[in-house]
Amino acid sequence: MINGIGAYATPYAYQAGIIPSSHAVVKNPGAPTEVTPGRKSSPAECETCNNRKYQDGSDEMVSFKSAAHISPEASAARVRAHEQEHVSNAYKKAAQNDGKVLAANVTLKTAICPECGRSYVAGGTTATKIQYGDESNPYQKNKKAADAAGVVGMNLDVAV
């Protein structure tokens, strides 16, 4: 027992000041030990942040194919680097197949931990658009001819 509180003290006991924060179990070293109002624990004691894992669900060979922990402080940089791997793969794929990357958009998703209130990057998505120029394809040739017919003479400046 610590200060008259049993071994099953709740996070509220820490918040109320019944148990000194120096006796709290630190699960996330370097994180603040203050419990903000309305939260269950401090960022240093947060079980949710300690157990959060990231895993990639794509069919590409990139990092995080197996679940791995990232600290909330490092989540932005690590997720951004991971999504950049997807962008790099798109450029490699385009180069190998005589294509051109028209667009590569990365979106990072942020969230707030319900237990300690710390913000973190929860994940990300990458959307790429690749154009392949296959001149042997008759449909591609027809599309090119139709596009050209629609713009020929469009910017004609005639002086009278």
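Listing for the model above:
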item: Subset tally (residues that are basic (Lys, Arg) and under 24 Å from Gly133 (Cα atoms)) for region 45-97; result: 2
item: Glu83 in contact with a Gly (Cβ under 7 Å, 6 or more places away or on another chain), closer than 18 Å to Thr107 by Cα and either acidic (Asp, Glu) or loosely packed, with under 12 Cβ neighbours inside 10 Å (or both); result: yes
item: Pick from region 53-77, criterion buried (at least 16 other Cβ atoms within 10 Å of the Cβ) and without any contact (Cβ under 8 Å) to a residue 40 or more places away in the chain, ranking: nearest to Cys113 (Cα to Cα); result: Ile70
item: Residue list for region 37-74, restricted to those being of a type in the set (Asp, Glu) and out of contact with any Pro (no Cβ under 8 Å at 6 or more places or on another chain); result: Glu47, Asp56, Asp59, Glu60, Glu73
item: Any hit, region 107-114, residues being under 30 Å from Val25 (Cα atoms) and more than 14 Å from the chain's Cα centre (by Cα); result: yes
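The numbers here are math on the coordinates, done by the rules we state, and not lab data. Small disclaimer: the values here were computed from a predicted structure and weren't measured. We place every Cβ from the backbone using ideal geometry, glycine too, and count neighbours over all the protein chains shown.
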